[in-house]
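The structure appears right after this line, and notes come after that.
The values are calculated or read from the model by the stated rules, or taken from the named source; none is laboratory data. Not measured: the values here are computed from a predicted model. Virtual Cβ from ideal backbone geometry, glycine too; neighbours counted across all protein chains shown. These accessible areas exclude ligands, DNA and RNA; they are computed on the full protein's heavy atoms, side chains included. Shrake-Rupley method; radii C 1.70, N 1.55, O 1.52, S 1.80 Å.
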Amino acid sequence: MTRNRNQHVVPTKDGWAVRRAGSPKATRVFGTQQEAIERGREIARNQRSELLIHGRDGRIREKNTYGRDDYPPKG
């Protein structure tokens, strides 16, 4: 079983947090969503995982995959 290293950018009462999937604790909280997205993207690239960006309503509004080989090209 692989460990889920996906990163989520989520709204909090103090701003925007980057949180690893399944973790109750934020990696870090930022003042703006853009700052959180930049940090989340960096982490997702380093860990070859997904970045899921949530809107103010908490719903996922965007997903980006960085370096995963779940679906390698056929050939």
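Please state which one of Ala44, Ala36, Ala17 is in a strand (DSSP E or B), modelled with pLDDT of 95 or more and surrounded by 18 or more Cβ atoms within 10 Å (Cβ to Cβ). Show your work before the answer.
Numbers: Ala44 fails: in a strand (DSSP E or B); Ala36 fails: in a strand (DSSP E or B).
Ala17 is the lone residue from the list that is in a strand (DSSP E or B), modelled with pLDDT of 95 or more and surrounded by 18 or more Cβ atoms within 10 Å (Cβ to Cβ).
Identify, from the list Thr65, Thr12, Thr2, the residue that is at pLDDT 95 or above, among the polar types (S, T, N, Q) and surrounded by fewer than 18 Cβ atoms within 10 Å (Cβ to Cβ). Explain how you work it out, then say what you get.
Working: Thr65 fails: at pLDDT 95 or above; Thr2 fails: at pLDDT 95 or above.
That would be Thr12, the only listed residue that is at pLDDT 95 or above, among the polar types (S, T, N, Q) and surrounded by fewer than 18 Cβ atoms within 10 Å (Cβ to Cβ).
Are there any pairs with C-beta distances below 8 angstrom linking a residue in region 12-37 that is without any contact (Cβ under 8 Å) to a residue 60 or more places away in the chain and farther than 20 Å from Arg48 by Cα to a residue that is open to solvent by 20 Å² or more (accessible area, probe 1.4 Å) and of a type in the set (Lys, Arg), with the two at least 6 apart or on different chains, and if so which?
Lys25/Arg19; Phe30/Arg39
Quick one: how many residues across region 23-66 are over 14 Å from Asn6 (Cβ atoms) and of a type in the set (S, T, N, Q)?
3
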